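Here is the structure we will look at.
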Amino acid sequence: MFEASSQKPLPRAFFVRRMLKHTGFVVGLIAFSIALGMAGYIGFEHLGALDSFLNTAMLLGGMGPVNPPVTTAGKLFAGLFALYAGLVFIVTAALLFTPLFHRLMHRFHWDGK
């Protein structure tokens, strides 16, 4: 996916395109995660759309839910979604920082041959 250490670093325009691809994937993952969380809170906890969004956004942001779950299914969903949100955080950070770290390391190790 990325250029080898023996290859010249990508020109800036290609690097920007790579970053935009990664950013687009991250935005899609976050949008999917928000939709999934909202559907779960609406279905299992019978919250309104705005409260569902707030709880989902708080969990994805690492803050925890605003409304404590009251149903058994809602508690199970909230726990599983919290685990999922932690993984989404790690994946989004990796997707955004990997091209940057690769380019930085590539610049330091490329000898220009």
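Any read-out appearing in this document is the output of simple, stated calculations on the displayed coordinates, not a laboratory observation. Since this is a predicted model, take the numbers as computed values, not measurements. Cβ placement follows ideal geometry from the backbone for every residue including glycine, while neighbour counts extend to all protein chains displayed.
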Going through region 30-113, which chymotrypsin sites (Phe, Trp or Tyr not before Pro) have at most 15 other Cβ atoms within 10 Å and a DSSP loop state? W110
So if I take the centroid of the Cα atoms in region 56-113 and the same for region 1-40, what is the distance between those two points in Å? 14
Summed side-chain charge close to G74 - residues other than G74 whose Cβ falls under 13 Å, Lys, Arg +1, Asp, Glu -1: -1
So the angle from the long Cα axis of helix 72-109 to the longest Cα principal axis of the chain, reported in degrees to the nearest 10, equals 10
How large is the helix-only mean residue ellipticity at 222 nm for the chain, computed as the sum of -39500 (n - 2.57) over DSSP H runs with n ≥ 4, divided by its residue count, in deg cm²/dmol to the nearest 500? -26500 deg cm²/dmol
Once you have the Cα-Cα distance between T98 and Y84, take 0.36 nm times their residue separation minus that, and quote the gain in nm to one decimal. 3.0 nm
Stokes-Einstein translational diffusion, the chain - Kirkwood Rh over all Cα pairs, 1.567 mPa s, 4 °C, in µm²/s: 80
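Rounded to the nearest 0.05, what FRET efficiency do F108 and A39 give with R0 = 41 Å and r taken as the Cβ-Cβ distance? Could you check?
Details: r = 45 Å, r/R0 = 1.10.
Plugging the Cβ-Cβ distance into 1/(1 + (r/R0)^6) gives 0.35.
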